[in-house]
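Quick notes on the structure that follows.
The values are calculated or read from the model by the stated rules, or taken from the named source; none is laboratory data. This structure is a prediction, so every number in the text was calculated from the model and none was measured. A quick note on method: Cβ atoms are made from the backbone with ideal geometry, for glycine too, and the neighbour counts reach across all protein chains shown. Note: areas computed on protein heavy atoms with side chains; ligands, DNA, RNA excluded. Shrake-Rupley method; radii C 1.70, N 1.55, O 1.52, S 1.80 Å.
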Amino acid sequence: MDTIPIESSSEALVKALEDNLSAHARLYSDLPGAIFYEESGILGLMTDLDVSESCIYHATLTPGQASRKIKEVLRRYRSQGCLPMWWIVGPSSQPANLGNYLNACGCQYFAHPPGMLASLQDLRQQTAFPSNLTVERVSNSTQLMQWTEIVQVGDGISASLKAGYYELFN
């Protein structure tokens with residue numbers, strides 16, 4: 001994944017967070033059976049492996065097209081067996097009241113998670129870690145299987161997504 005530069009302005013931080021979501025969608029487009037698309041102001045990923053990865057990551061629509069495009073997206077996800085799904089509404093989503101359009105099309109508000117951002121270089125310099133803690137990159141299939149098991153338990157993902165992660169990253 002490319003490095004996403006971080007500036008200190010609010011606009012730059014929002015852009016960095018949203019660029020990271022887009023990179024996430026592109027990376028996971030290689031999951032088995034995943035369908036990635038970026039067209040007409042919509043960036044999304046469809047997969048029937050787990051609802052957590054079937055998502056619209058970004059939408060930039062005009063008020064005149066919002067309802068029609070939302071209904072098209074929902075039909076597309078339904079036709080691929082990818083409902084339920086997520087629709088992320090971020091600070092730069094358009095129209096500004098996209099959530100209202102989603103509600104009017106039958107979508108339900110689920111959560112308001114905070115966006116989080118930290119410079120790992122700064123974190124490394126400021127935090128004292130336990131002397132017995134070792135962080136290392138997964139470098140073989142045994143470690144990858146251990147990682148997928150941890151993600152499955154920690155994030156509550158399905159067995160099929162766990163297998164998809166293993167296939168994607170192996």
Worksheet item: So which trypsin sites (Lys or Arg not before Pro) in the range 61-170 end up in coil per DSSP with only 14 or fewer other C-beta atoms within 10 Å?
Response: ARG137
Discussion item. Please list, ordered by chain and number, the residues whose modelled amide H lies under 5 Å from the amide H of LEU61; skip anything fewer than 5 residues away on the same chain.
Written reply: GLN94
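Could you put LEU98, LEU13 in order of accessible surface area, largest first, with the 1.4 Å probe and the full protein assembly present?
On the way: LEU98 0, LEU13 55 Å².
Putting LEU98, LEU13 in descending order of accessible area: LEU13, LEU98.
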Worksheet item: Quick one: helix 10-28 against the long Cα principal axis of the chain, what's the angle to the nearest 10°, folded into 0 to 90?
Response: 80
Worksheet entry | Once exposed loop GluC sites (Glu not before Pro) are cut out (DSSP; at most 11 other Cβ, 10 Å), longest piece of the chain | 8-135
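Can you pull the Kirkwood radius for the chain, inverse mean 1/r over Cα pairs, to one decimal in Å? Display every interim value, and only then the final one.
Numbers: mean 1/r = 0.0555 Å⁻¹.
Computed over Cα pairs of the chain, the Kirkwood hydrodynamic radius comes out at 18.0 Å.
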Fill in: Folded to 0 to 90 degrees: helix 141-155 orientation relative to the chain principal axis, Cα
50
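Under 8 Å for C-alpha pairs, at least 6 residues apart: give me the relative contact order for the chain, rounded to a whole percent.
Values: 183 pairs, mean separation 33.5, N = 170.
It rounds to 20 percent for the chain.
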